[in-house]
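The structure appears right after this line, and notes come after that.
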Amino acid sequence: MSEDNKPKIQPTRRRGGFGGGRAAMMPAEKAKDFKGTLKRLINYLKPQAVKILLVIIFTIVSVAFTISAPKILGQATNELFSGVISKQLPAGMTKDQVIAGLEAQGQDQLAEMISGMELTPGEGVDFDAILRILIILAGVYLLASAFQWLQQYIMASVAQGTVYRLRRDVDKKLAKLPLKYYDDHSHGDILSRVTNDVDNIAHTLQQSLTQLVHATVTVIGVLIMMFSISSLLALISLIVIPLSFIVTMLIAKQSQKQFIAQWDSTGNLNGHVEEMFTGHNIVKAFNRQDEAMERFDEENERLYKASFKAQFISSIIHPAINFLNNLNYVAVCVIGGIRVANGIITLGDVQAFIQYSRQFTQPIVQTASIMNILQSTVASAERVFELLDEQEEIPDTDHSRAYRGRQNDTGQSAYAFL
């Protein structure tokens, strides 16, 4: 067969596969209706409202135990520190006498520090008291883990039940679509919507939603504990929130575009591979292997670039937030140390506050990561909902008539309306 008679593979307006696809014809755009798609996805969670309420309750209980742990550990630190200081003070004297003696010697700062401590001069470390505190601490951590396990268990049921309904709706929709839809869309792109996009939604519901609830409750609980220890240190830590929010929004805005391009390119590549495999004999018969391989390389390169940009841009959030958190950590340590030396707060409180500051910023980092995952999830959900919103094939009416063959009196075949 001559070159002129070979079929020409021209790009069409298909969404993927052999026809080039929308992502290949124009730059990736933002989600058409981000809020609408997210709201529609939330509607799938409504039948699981009772279980979601249990998840929230168990999360609150788990977080309550978790945030009480640093305060308990701070008590152990105070016991240890007080015992060490007490051992170095003259036995038989009262705390007030020791403070008065230090002030007489001009050691006002040391006197102020001792005034904020509970100690008995001459006594050593009360290891029995420390052991009791550590046992209580172990019990608190155990209860926190138990409620967190219950939360994860129920949320797994919520996520899988929701995605089950979504897959069922997609399966019913595929049976109602006209043949024209399958002609205009590659099988690989359809398969990508049903598998990759739905699996991406399932992962977000099971992991990210739980983390979002946990992060929200943790921020509120830790903030209360931080203000109960020191309002000044709490206000310093709060400065991180607006800075983290601004950084997150700026980066997430850029990563959203790339996540849309990533999932569109995935559908295009899957469509091309599926068509090349199912039409392998035709491709080989017309000697189009090189063109098919060249097309695969193009789609694969496009997917690589979109995926690289999406993952790289979204990964910037974590180190950026950590940098802000480290600055906050340094400020808390310096100012907290000064306040301990002045007897305003105890060493155990500073230790607890440092742990709270870490617990306070960690959910912010998680929320920042979840925001990027949410961008990817909404992009996947939009592709699935586009399929569900496609025009269905018009069913036959109840007044349709069929023909039934019969024989007339002469034995010849005839047809009659039913």
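Data table
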item	result
Conditions (1) at pLDDT 50 or above; (2) in contact with a helix residue (DSSP H, G or I) (Cβ under 9 Å, 6 or more places away or on another chain); (3) farther than 24 Å from residue 217 by Cβ; (4) not hydroxyl-bearing (Ser, Thr, Tyr); number of the one not met by residue 30	(1)
Scope the range 176-230; condition closer than 28 Å to residue 161 by Cβ and in a loop (DSSP other than H, G, I, E, B); matching residues	177
Only one of 208, 157 that is small (Gly, Ala, Ser) and either farther than 21 Å from residue 41 by Cα or modelled with pLDDT under 85 (or both)	208
Filter pass, residue 144 being at pLDDT 85 or above, outside any loop (DSSP other than H, G, I, E, B), surrounded by 15 or more Cβ atoms within 10 Å (Cβ to Cβ) and out of contact with any Leu (no Cβ under 8 Å at 6 or more places or on another chain)	yes
Selected residue (criterion: surrounded by the most Cβ atoms within 10 Å (Cβ to Cβ)) from residues of the range 42-60 that are closer than 14 Å to residue 206 by Cβ and not polar (S, T, N, Q)	55
Number of the condition not met by residue 365 [criteria: (1) at pLDDT 75 or above; (2) among the β-branched types (Val, Ile, Thr); (3) farther than 20 Å from residue 71 by Cα]	(1)
Number of the exception - residue 149 against (1) touching a residue at least 24 places away in the same chain (Cβ under 8 Å); (2) out of contact with any Lys or Arg (no Cβ under 6 Å at 6 or more places or on another chain); (3) under 14 Å from residue 58 (Cα atoms)	(1)
Of all residues making up the range 351-364, the number that are of a type outside the set (Gly, Ala, Ser) and surrounded by 24 or more Cβ atoms within 10 Å (Cβ to Cβ)	3
Filter pass, residue 66 being over 30 Å from residue 211 (Cβ atoms) and either assigned to a helix (DSSP H, G or I) or over 29 Å from the mean Cα position of the chain (by Cα) (or both)	no
Search result, residues across the range 46-67 that are touching a residue at least 12 places away in the same chain (Cβ under 8 Å) and among the charged types (D, E, K, R)	51
Those residues of the range 165-183 which are under 27 Å from the mean Cα position of the chain (by Cα) and surrounded by 12 or more Cβ atoms within 10 Å (Cβ to Cβ), in sequence order	165, 166, 167, 169, 170
Total residues in the range 299-322, condition without any contact (Cβ under 8 Å) to a residue 12 or more places away in the chain and touching a helix residue (DSSP H, G or I) at 6+ places or on another chain (Cβ under 9 Å)	6
Only one of 83, 21 that is modelled with pLDDT under 75 and over 20 Å from residue 140 (Cα atoms)	21
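The values are calculated or read from the model by the stated rules, or taken from the named source; none is laboratory data. From a predicted model like this one, the values you see are computed outputs, not experimental measurements. As a convention, Cβ positions derive from the backbone with ideal geometry for all residues, glycine included, and neighbour counts pool all protein chains shown.
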